[in-house]
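Trainee: Structure in structure tokens, see below.
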Amino acid sequence: MKEIVITIDGPAGAGKTTVSRMLADRLGYRYIDTGALYRAIALAAHEGGIDPKDDAGLEKLCAGIGFRYAQTDQGLRLLSNGDDVTDRLRTPEITLLASAVSARPVVRRFLLGVQRALGRERSAVFEGRDMGTVVFPDADVKFYLDAPKKIRAMRRYLELKPKMELTLEQVERELLRRDNNDSTRAEAPLKPAPDAIRIDSADLAAVEVVAVMLAHVERVVQN
């Protein structure tokens, strides 16, 4: 079977993480959460007191970071300079900071190299926001997953509710702010690749989304 690179882009709350993991598992592929890389840089900047607009500080920070994904009993974990940072990446503060950091060209250039290096091994599902447009414009299969903002906000609220005290209104407000930041930034804005297969997940369960994706992937790997 041909080994390929698959990209799944889309806004927050569309269900990318769930279906990307499921699709990778079904195919026996690696799952790469590229958003975690931006969050890890945001976390390091936050802990190091570096302003997200300080390009010189961010460049120095990036030069000293080494990332590695590790499969453990707890699932896929992201290690930054050997430190497992996975559980510290999903707070609202780091989420918004990651959106700001991801707009900086110096950060995007650094992670472009990291992500493309991961893609050279192929047999991978890359989840993100510019995977099909910038990082892997020649990916074998590209998906763009979306859903109406109210549905995405509710999904994110239910995800965060067990971990922190937030109202649905707060979650929706931050989600819309992040949508705006990601889609209007000058550097690699969030948008579907022209050749991406667009899927609206509003009325589909995760297994149904994966079934649609598998049908497209199987046509490619069998040719």
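Trainee: From the square roots a ≥ b ≥ c of the eigenvalues of the alpha-carbon gyration tensor of region 1-118, which class results: rounded (a/c under 1.5), prolate (a/b over b/c), or oblate?
Mentor: prolate
Trainee: Which of the aspartates and glutamates could a cross-linker span from Lys2 if the Cα-Cα distance has to be under 14 Å and same-chain partners fewer than 8 positions apart are dropped?
Mentor: Result set, ordered by chain and number: Glu121, Asp140, Glu218.
Trainee: Work out the length of the dipole vector of region 101-223 about its Cα centre, built from +1 on the beta-carbon of each Lys and Arg and -1 on the beta-carbon of each Asp and Glu, and round it to the nearest 20 debye. Mind showing how you got there, number by number?
Mentor: On the way: 22 positive and 19 negative charges, 92 e Å.
The calculated dipole for region 101-223 is roughly 440 debye.
Trainee: Could I ask something else about it? If you take the Cα atoms of the chain, find Rg, then find the Kirkwood Rh from the mean of 1/r over all pairs, what is Rg/Rh?
Mentor: So for the chain, dividing Rg by the Kirkwood Rh gives 0.94.
Trainee: Which of Ser20, Ser183, Ser102 moves most in a GNM of the chain, Cα contacts under 10 Å?
Mentor: In the Gaussian network model the winner is Ser183.
Trainee: Cross-link partners among lysines for Lys149, C-alpha distance below 21 Å, same-chain residues fewer than 8 apart left out?
Mentor: Lys16, Lys161, Lys191
Trainee: DSSP loop GluC sites (Glu not before Pro) in region 121-188 with at most 16 other Cβ atoms within 10 Å of their Cβ, which ones?
Mentor: Glu121, Glu165, Glu187
Trainee: Next question, about the same structure. Counting only heavy atoms of protein chains, what accessible area per residue, in Å², does region 80-213 have with a probe of 1.4 Å?
Mentor: Working: 6810 Å² over 134 residues.
About 51 Å² of surface per residue is accessible.
Trainee: How many angstrom lie between the C-alpha centres of region 172-211 and region 51-102?
Mentor: After rounding, the separation between the Cα centres reads 22 Å.
Trainee: OK, next. Report the residue, chosen from Ala186, Ala98, Ala139, that carries the largest GNM mean-square fluctuation when the chain is represented by alpha-carbon nodes joined by springs under 10 Å.
Mentor: Comparing Ala186, Ala98, Ala139 in a Gaussian network model of the chain, the most mobile one is Ala186.
Trainee: Follow-up. Mind listing the phi-derived Karplus ³J(HN,Hα) values for region 72-83, rounded to whole Hz, using 6.51, -1.76 and 1.60 with θ = phi - 60°, and x for any glycine or proline?
Mentor: Result, ordered by residue: 10, 5, 8, x, 6, 10, 9, 10, 10, 6, x, 9 Hz.
Trainee: May I pose another question? Rounded if a/c is under 1.5, else prolate if a/b is larger than b/c, else oblate: which is region 143-223, with a ≥ b ≥ c the root eigenvalues of its Cα gyration tensor? Could you put the intermediate results ahead of the total?
Mentor: On the way: a/c = 3.03, a/b = 1.51, b/c = 2.01.
Here region 143-223 falls in the oblate category.
Trainee: Give me the one-decimal Kirkwood hydrodynamic radius in Å for region 92-194, with the sum taken over alpha-carbon pairs.
Mentor: Hydrodynamic radius (Kirkwood, Cα only) of region 92-194 equals 15.2 Å.
Trainee: Compute, for Thr18, the solvent-accessible surface of its heavy atoms (probe 1.4 Å) with the complete set of protein chains present, and express it in square angstrom to the nearest 10.
Mentor: Rounded to the nearest 10, that gives 70 Å².
Trainee: Check Arg198: other-chain or 5+ apart residues with amide H under 5 Å from its amide H, H built from backbone geometry?
Mentor: Counting only residues 5 or more places away or on other chains, the set is Tyr144.
Trainee: Kindly provide the trypsin sites (Lys or Arg not before Pro) of region 8-89 that DSSP labels as loop, not H, G, I, E or B, and whose Cβ sees at most 13 other Cβ atoms within 10 Å.
Mentor: Qualifying residues, ordered by number: Lys53.
Trainee: In whole Hz, with x marking every Gly and Pro, tabulate ³J(HN,Hα) for region 204-218 from phi via Karplus 6.51 cos²θ - 1.76 cosθ + 1.60, θ = phi - 60°.
Mentor: My calculation for region 204-218 gives 10, 6, 4, 5, 6, 4, 4, 4, 4, 5, 4, 4, 5, 5, 4 Hz in order.
Trainee: I would also like to ask the following. In debye, nearest 20: dipole of the chain around its Cα centre with unit charges on the Cβ of K, R (+) and D, E (-)?
Mentor: 160 debye
Trainee: Report the antiparallel proportion of the DSSP beta bridges in the chain as a percent, rounded to a multiple of 5.
Mentor: 30 percent
Trainee: Same structure again: Count charges around Asp146 for me, please; just the other residues with Cβ under 9 Å from its Cβ, Lys/Arg as +1, Asp/Glu as -1. Don't jump to the answer; show the numbers that get you there.
Mentor: Details: positive: Arg152, Arg198; negative: Asp200.
Summing Lys/Arg as +1 and Asp/Glu as -1 gives +1.
Trainee: Still on this model: So what are the ³J(HN,Hα) numbers for region 155-162, from phi and the Karplus equation (6.51, -1.76, 1.60; θ = phi - 60°), rounded to whole Hz, Gly and Pro as x?
Mentor: 4, 5, 4, 5, 5, 8, 3, x
Trainee: At a 1.4 Å probe, what is the % contribution of carbon and sulfur to the accessible area of region 1-51?
Mentor: 47 percent
The values are calculated or read from the model by the stated rules, or taken from the named source; none is laboratory data. These numbers come from a predicted model, not from an experiment. A quick note on method: Cβ atoms are made from the backbone with ideal geometry, for glycine too, and the neighbour counts reach across all protein chains shown. Accessible surface areas use protein heavy atoms only, side chains included; no ligands, DNA or RNA. Shrake-Rupley method; radii C 1.70, N 1.55, O 1.52, S 1.80 Å.
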